[in-house]
1. Name the residues in the range 180-198 that are of a type in the set (S, T, N, Q) and open to solvent by 60 Å² or more (accessible area, probe 1.4 Å), would you?
2. Go through (1) under 37 Å from the mean Cα position of the chain (by Cα); (2) assigned to a strand (DSSP E or B) for Cys175 and report which single condition fails.
3. Show the residue pairs that are 6+ apart or on different chains and have beta-carbon atoms under 8 Å apart, the first residue being within the range 145-164 and within 12 Å of Leu203 (Cβ to Cβ) and part of a strand (DSSP E or B), the second being open to solvent by 40 Å² or more (accessible area, probe 1.4 Å) and of a type in the set (Ser, Thr, Tyr).
4. Quick check on my filter: what residues within the range 17-49 are open to solvent by 70 Å² or more (accessible area, probe 1.4 Å) and either of a type in the set (D, E, K, R) or at pLDDT 80 or above (or both)?
5. Would you point out the residue of the range 123-172, among those that are among the aromatic types (Phe, Trp, Tyr) and within 42 Å of the chain's Cα centre (by Cα), that is most open to solvent (accessible area, probe 1.4 Å)?
Amino acid sequence: MSTNPHTLLGAYVLGGLEPADLALFETHLQGCAGCRKELAVLEKVPVLLDALPVPDAVALTDVPGSGAADPGVPVRLFDELARRRRTLRRRWAALAGAIAAACLAVGLAVGPLLARPPQPDATYSVVSGGGLQVNIDMARKTWGTELAVSGSSLPADGTLSLWVRDRAGGEDRACAWTATPSGKVKVTGATPIQLGSISSVELRDGAQHAVAVITVP
């Protein structure tokens, strides 16, 4: 506890006094016009000091030519300033770390979901003895059914088409494409027939002959 209340002015401005010194200085302040006048002048010092690095703030107290700090300015004032800044940096670092960890956790959880393509509602495939292979992924839509078609060893010339037959005997052409020399294809088609009403899907050549037939249970 200090015996000279006037020397507590600087620490009081920064709010760095211990309870006993705080009570002593506030009692002294009531009867000391000089301290009250200085306090009015120094009220904005914390804001100005916060704008400076601690070493620069301490350097302001050096007496020119002496290389020593002015004994009238309490060193504990700058110790308090440094302590506050260290605490603030730790809090910001902890907060930034927590935010980064939370973002990483959300990214790990959501990332795979965003990257994962929509899953089909049904998948069918057929393989013939000649190596021909056709795979069809079906997805329910409000307007009907979307069909993602992939195949290999298909006819290499002419026009191919995919036909969807419903359970009432009606049919609809979902898509058509020009055959590729490699015999491979990957196309997307659509039909107004709802997935639950599809009874079969046929791949036909240009002469409308069935090249492959998939029966839907």
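The values are calculated or read from the model by the stated rules, or taken from the named source; none is laboratory data. Fair warning: this is a prediction, and the values are worked out from it, not measured in the lab. Cβ placement follows ideal geometry from the backbone for every residue including glycine, while neighbour counts extend to all protein chains displayed. Protein only, heavy atoms only, side chains kept; ligands, DNA and RNA dropped before computing areas. Shrake-Rupley method; radii C 1.70, N 1.55, O 1.52, S 1.80 Å.
1. Residues satisfying the conditions are Ser182, Thr188, Gln194.
2. Failed condition: (1).
3. As it stands, the answer is Leu147/Thr188; Val149/Thr188; Thr159/Thr178; Leu160/Thr178, since those pairs meet every condition given.
4. Matches in the range 17-49: Glu18, Pro19, Glu26, Thr27, Gln30, Gly31, Arg36, Lys37, Glu38, Glu43, Lys44.
5. Filtering first and then ranking leaves Trp143.
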